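Here the structure is laid out as structure tokens; the discussion comes afterwards.
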Amino acid sequence: MTESSANKLLNGDVCHRSSSGKKSGKNGFVKNHCLFQQPQKYRRLREKNQNVTRNSSLYKKPFLESFEETPLLVAVLTYMGYGILTIFGYLRDFLRHWNIEKCHVAREREEQKDFVPLYQDFENFYTRNLYMRIRDNWNRPICSVPGAKMDLVERVSHDYNWTFQHTGKVVKDVINMGSYNYLGFAENTGTCADAAVEATHKYGVGVGSTRYEIGNLDIHEEMEQLVARFLGVESSMAFGMGFATNSMNIPALTGKGCLILSDELNHASLVLGARLSGSTIRVFKHNNMQSLEKLLRDAIVHGQPRTHRPWKKILIVVEGIYSMEGSIVRLPEVIALKKRYKAYLYLDEAHSIGALGPNGRGVVDYFGLDPKDVDIMMGTFTKSFGAAGGYIGGKRELIDYLRNHSHSALYATSMSPPVAQQIITSMKTIMGEDGTTLGADRLRQLSENTTYFRRKLRDMGFIIYGNDDSPVVPMMLYMPAKIGAFGREMLKRNIGTVVVGFPATPIIESRARFCVSAAHTREMLDTVKGAVTLNAEYFYSSDTI
Amino acid sequence: MLCICYQCFFLLLPLLFALFQKRTTKMASGQQWVLVEMVQAFYEAPAYHLILEGILILWIIRLLFSKTYKLQETYKLTEKEKEDLIEEWQPEPLVPPVSKDQPFLNYDIVTGPPSHKITINGKECINFASFNFLGLLDNERVKHKALASLKKYGVGTCGPRGFYGTFDVHLELESRLAKFMKTEEAIIYSYGFATIASAIPAYSKRGDIVFVDEAACFSIQKGLQASRSFIKYFKHNDMEDLERLLMEQEQEDQKNPRKARVTRRFIVVEGLYINTADVCPLPELVKLKYKYKVRIFLEESMSFGVLGEHGRGVTEHFGVNIDDIDLISANMENAVASIGGFCCGRSFVIDHQRLSGQGYCFSASLPPMLAAAAIEALNIMEEDPGIFTVLREKCRLVYEELQGIPGLKLRGEQFAPALHLQLERSFGSRDTDLKMLRSIVDYCLERKVALTLARYLEKEERFLPPPSVRVVVTIEQTEEEIKEAAACIREAASSVLNSQHCDL
């Protein structure tokens, strides 16, 4: 699509005309119909610093989010890096083919050599030649609570990461910047753990049936009532796996003839759920309200493709905090659009529930909005609550319907009782229902830590993505070689971080990600900051050589 | 537009013809003209002629490349029309209203552990409904290990396997499962349903072909849907039908061998079908596998920890070499009485899921205490394979006791731990049938026998199984309890079904 047509599409026809100074307000008709318009050209996500609040009237406080543009030189160097890796990949594949280099890849059985190959040769090129070089940065086994500090199982590889051996030693007290332990409820002592112990004594760990049949325990009912109260919605339902909450419930809500408008950076589970539903899926630019509005208008005006029948319903699917970008959804604007165009809103609060808002009630709380404006409130218990599973909250009719039509309710084993108990206790702590201020303290601590850590990194001149209030802090690395180097160097300094590259991010935007927790102390964050600085110096000096 | 082009061309023709004529008149007649001469003629043509032709050619080119009119403009709506459309549009409600008389609007509430004795809606019953085949749900050893793990690791993992969500317990469970099943590798998932539903699309992609039994469970169906492959259903356990499909495919392949070389094929079957309680004819499937070069995926949620001398499932039951099965998946929510699922097989196959299994990569890992519980359950199973014999005995007993109940027919194998009681004759509609069966379940519940209806999403199932009451066998049920329960069901059937006959 050309620049001009994109411009036209995104600004709508009317403003295009009015900007050219002709025909404006003919027929005496109001010229501006779109809720959100920009006077200038539509800007692509990373073209400029987005430190500007649009539609500020909808926000109670400044909405600061930045995505610095990748410098051209860095982009060129990054592509070159991938180019070199690819060339070497081909070279090594060639050597392996002629048995000059030893091949470590698991082979097909002799009996099945004449079957259609299970994998195409090129399918695993990236895994074999790029991922394998830096594989030691992922799946690091841990052998303690995933709290602020954790113990890692030491492992070595004698064959360039094809296999790992455990040395039997333990790397003690690694600062954990990788786990989604936002409120620090990953604990093996304290009220939560005690309550979970009791639940295990009482119920055991399994359930052995589905919610619909005979696996509906009183503890599940108690948890769901609490979740509904916590979210401020009429009713809620919980499921045993966060991923499945999305992928098994969206198909119950929409179907053929429905339209799903999905953010381009939505999680794989939402994409899978949308796909399984059989609805039409259209993708809007990440957190871009002009793009969303344009799609909404077009959808309603033109109806379904070919038949032009009106859509049965339109579902907007967004996340609270995007886990790779650290951005927060522009919820006030999304809600305004949803109301204007009578669409439904599915909000996935996997990362934001517990981690955002003065009361820890997620992104709705953060913006001070009414939870009733969100039709489907979804979230997970894995992160802030230190448990597992997911929930859906909303109106009573919605939940009643899901109880009868959710794939998960009928076909999947219900949640383990100790896990449910962990959710109940941690949620009560956050709500202050345990009679202490522990929950409030944690919330305050998290928000302070987030601000502190983000400010420190930014002050040091690192490129940090995302919203200033988001505890997910992505720091840009760009070059593929830095992914491995950064992860290893940090581990040498006893800090566990997550590094991600393609395909989880765009190819030139490899990054390290820190997840700030309420359990982190100032000293820990300072240590991390110090280590990052040392690393940067190390990289910089080697870059210049 | 094309029409105009033609017109122009015809306009141009006489001119060209004139040029040609001019040349031929200059030439001696009978002489063959050559290209050089043609160029010469071109020079000699009068200037006005060339200019005219040039203009015409340009005109044709313009016509070819310009749009004569814009299609969209005629349809373009004015802003007001658009606004009206937007105002007018009324979406359907998010969910259709659920009628208040829906019999299952509220779930039965279980207080306390869902083990051998279960309290449903305040009534203590003997459990014939939970898939707790080996009675490990409230086993003290299992609980003890889970608690030890809880005290070490806490409850949640706070991350996916890739990002500090891999615990040493997970690695131990994976190697233990691989050892137990005698395969090279195993991979664990945090949710039973997600296991096969993620495993299938990791291998089978768009354009590939999957042959599936019609009775395949819902998670298989969802996995197939996510894979976007061609799905070919064969009749339940009908090997002739499967072979027919395979042969058809072979003929198809001969027509297009190039495509056939890259089209992967799979057979997906269950060991013991949860929907029918039948066992799959594995030896024949393996024969077909090698004959037609198709890979076999086997879902063993019902048979793992049940069939075979050591509980290794349907492969051990039939004495089939486990390496002949490409992938075995099972959940750890039935016999193992924990949460989650696993896949096992050769490393060549299984390892691929560590980057391609969606439910593995993108989901938080299994809470370590649940993994520890599963390890302890494996310990118990390895230490005393006698429990499988006990379970088989109990299964046989239940099977025998439930034979010949008037009005009901028993569906399933003699050694299946989850049997189905279906109505012999339908009462006309599925709804009334379900109501009948529900009354039987309620009747038994009153008399302290907990049963359940097998529940399905009626609109979503590919082949909806007939309504049935599910009877689950566990090793904790005593002979006496089984006999009492069977008598109770018999009584319930005669009382409910007979009264209904009178009503009709």
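A few remarks follow.
- Test: residue A:267 is within 9 Å of chain B (Cβ to nearest Cβ), over 28 Å from residue A:434 (Cα atoms) and in contact with an Asp or Glu (Cβ under 7 Å, 6 or more places away or on another chain): yes
- Residue satisfying condition, being farther than 30 Å from residue A:422 by Cα and within 14 Å of chain A (Cβ to nearest Cβ), within set B:346, B:396, B:354: B:346
- Pairs where the first residue, in region A:456-467, is assigned to a helix (DSSP H, G or I) and the second is among the β-branched types (Val, Ile, Thr), C-beta under 6 Å, 6+ apart: A:457/A:464; A:458/A:464
- The set of residues from region B:234-257 being surrounded by 16 or more Cβ atoms within 10 Å (Cβ to Cβ), free of Cβ contacts under 8 Å to residues at least 12 places away in the same chain and within 14 Å of residue B:284 (Cβ to Cβ) comprises just one member, B:241.
- Some residue of region B:415-436 being within 14 Å of chain A (Cβ to nearest Cβ), under 20 Å from residue B:195 (Cβ atoms) and either among the aliphatic types (A, V, I, L, M) or in contact (Cβ under 8 Å) with a residue 24 or more places away in the chain (or both): yes
- Any chance residue A:427 is in a loop (DSSP other than H, G, I, E, B) and either within 13 Å of another protein chain (Cβ to nearest Cβ) or out of contact with any strand residue (DSSP E or B) (no Cβ under 9 Å at 6 or more places or on another chain) (or both): no
- Test: residue in region B:35-53 that is at pLDDT 70 or above, out of contact with any helix residue (DSSP H, G or I) (no Cβ under 8 Å at 6 or more places or on another chain) and of a type in the set (Gly, Ala, Ser): yes
- Any hit, region A:296-307, residues being surrounded by fewer than 24 Cβ atoms within 10 Å (Cβ to Cβ), within 14 Å of another protein chain (Cβ to nearest Cβ), in contact with a strand residue (DSSP E or B) (Cβ under 6 Å, 6 or more places away or on another chain) and closer than 23 Å to residue A:371 by Cα: no
- Residue count, region A:134-162 (criterion: over 21 Å from residue B:360 (Cβ atoms), at pLDDT 90 or above, more than 9 Å from chain B (Cβ to nearest Cβ) and touching a helix residue (DSSP H, G or I) at 6+ places or on another chain (Cβ under 8 Å)): 3
- Residue B:119 meets the conditions (1) in a loop (DSSP other than H, G, I, E, B); (2) touching a strand residue (DSSP E or B) at 6+ places or on another chain (Cβ under 6 Å) in every case but one. The failed one is (1).
- Residue in region A:492-500 that is among the small types (Gly, Ala, Ser) and within 22 Å of residue A:355 (Cβ to Cβ) present: yes
- All conditions in (1) facing chain B (nearest Cβ under 8 Å); (2) of a type in the set (D, E, K, R); (3) in contact (Cβ under 8 Å) with a residue 60 or more places away in the chain hold for residue A:221, with the sole exception of (3).
- Here residue B:164 clears all of (1) more than 26 Å from the chain's Cα centre (by Cα); (2) at pLDDT below 95; (3) under 22 Å from residue A:197 (Cα atoms) except the condition numbered (3).
- Taken over region A:259-276, residues that are farther than 20 Å from residue A:504 by Cβ and either modelled with pLDDT under 95 or within 21 Å of the chain's Cα centre (by Cα) (or both) amount to 3.
- Per-region count, region A:482-522, residues aliphatic (A, V, I, L, M), surrounded by fewer than 20 Cβ atoms within 10 Å (Cβ to Cβ) and not in a loop (DSSP other than H, G, I, E, B): 2
- Which numbered condition residue A:222 misses (of (1) in contact with a strand residue (DSSP E or B) (Cβ under 8 Å, 6 or more places away or on another chain); (2) assigned to a helix (DSSP H, G or I); (3) not hydroxyl-bearing (Ser, Thr, Tyr)): (1)
- If the condition is being touching a Pro at 6+ places or on another chain (Cβ under 7 Å), crowded, with 24+ Cβ neighbours inside 10 Å and facing another protein chain (nearest Cβ under 7 Å), then region A:370-406 contributes only A:388.
- Residue in region B:155-168 that is acidic (Asp, Glu), buried (at least 19 other Cβ atoms within 10 Å of the Cβ) and in contact (Cβ under 8 Å) with a residue 24 or more places away in the chain present: no
- Region B:357-393, subset of a type in the set (S, T, N, Q) and at the interface with chain A (Cβ under 10 Å from one of its Cβ atoms), residue farthest from the chain's Cα centre (by Cα): B:365
- When residue B:162 is tested against (1) over 27 Å from residue B:391 (Cβ atoms); (2) assigned to a loop (DSSP other than H, G, I, E, B), just one condition goes unmet, and that condition is (2).
- Counting only helices (runs of 4 or more DSSP H) that fall entirely inside region B:310-356 and contain at least 1 residues that are over 19 Å from the mean Cα position of the chain (by Cα), of a type in the set (Val, Ile, Thr) and crowded, with 24+ Cβ neighbours inside 10 Å, the qualifying elements are B:314-318.
- Residue within region A:280-289 that is crowded, with 24+ Cβ neighbours inside 10 Å, on the phi < 0 side of the Ramachandran plot, at pLDDT 95 or above and more than 10 Å from chain B (Cβ to nearest Cβ) present: no
- Test: residue in region A:187-200 that is in contact with a Phe, Trp or Tyr (Cβ under 8 Å, 6 or more places away or on another chain), of a type outside the set (Lys, Arg) and within 9 Å of chain B (Cβ to nearest Cβ): yes
Here is a yes/no grid of residues against (1) in contact with a Ser or Thr (Cβ under 6 Å, 6 or more places away or on another chain); (2) more than 14 Å from chain A (Cβ to nearest Cβ); (3) outside any loop (DSSP other than H, G, I, E, B); (4) not polar (S, T, N, Q):
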residue: B:197; (1), (2), (3), (4): yes, no, yes, yes
residue: B:205; (1), (2), (3), (4): no, no, no, yes
residue: B:219; (1), (2), (3), (4): no, no, yes, no
residue: B:225; (1), (2), (3), (4): no, no, yes, no
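- Residue within region A:233-254 that is outside any helix (DSSP H, G or I), in contact with a Pro (Cβ under 9 Å, 6 or more places away or on another chain) and surrounded by fewer than 16 Cβ atoms within 10 Å (Cβ to Cβ) present: no
The values are calculated or read from the model by the stated rules, or taken from the named source; none is laboratory data. Keep in mind that this is a model prediction, so the values were computed, not measured. Reconstructed Cβ throughout: ideal geometry from the backbone, glycine too, with neighbour counts over all protein chains shown.
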